[in-house]
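Have a look at the structure below, then the notes.
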Amino acid sequence: MFWVVNYGGTKNSMQIELIKWGPELAISRIERKSQEQSCNPSFTCSLPSTWVKSWEKFREFDSLSYIFPYTNLGHLVNGSKELENEQSVYCMSF
């Protein structure tokens, strides 16, 4: 559960603050689907078969390990490339 806070006192300084963590809610839709089907997370894509380069890029992307957006990041070093990547995924999930 989140709420909007304004510690700075101006409209431009509003933030979202986590006030309650529900681990049962900390699962993405694709993660839940893969668990239900007992398979690795993967995405679907509808591209024309003539788009060979796009298909190659999609298959390359889909073969990468899925980054779970609600993973506990406490073990990562502050400022590291790994933490930066994970935080990017977290922001994109919103």
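The values are calculated or read from the model by the stated rules, or taken from the named source; none is laboratory data. Computed from a prediction, not measured in an experiment: that's the story for all the values here. When we count neighbours, we look across all protein chains shown, and the Cβ atoms used for this are built from the backbone with ideal geometry, even at glycine.
Things worth noting here:
- For first residues located in segment 40-51 and aliphatic (A, V, I, L, M), partners that are surrounded by 10 or more Cβ atoms within 10 Å (Cβ to Cβ) and not in a loop (DSSP other than H, G, I, E, B) and lie 6+ apart or on another chain with Cβ distances below 8 Å form the pairs LEU47/SER54; LEU47/TRP55; LEU47/PHE58.
- Single condition TYR7 does not satisfy, out of (1) among the aromatic types (Phe, Trp, Tyr); (2) surrounded by 10 or more Cβ atoms within 10 Å (Cβ to Cβ); (3) modelled with pLDDT of 80 or more: (2)
- Selection count where residues are within 19 Å of ILE27 (Cα to Cα) and either modelled with pLDDT of 75 or more or surrounded by 10 or more Cβ atoms within 10 Å (Cβ to Cβ) (or both), scope segment 84-94: 7
- Residue count for segment 1-52, restricted to those that are under 25 Å from LEU64 (Cβ atoms) and not in a helix (DSSP H, G or I): 18
- Of all residues in segment 13-32, at least one satisfies being surrounded by 11 or more Cβ atoms within 10 Å (Cβ to Cβ), of a type in the set (S, T, N, Q) and within 18 Å of the chain's Cα centre (by Cα).
- Leading residue by the ranking (farthest from the chain's Cα centre (by Cα)) among those in segment 39-74 that are at pLDDT 80 or above and of a type in the set (D, E, K, R): LYS53
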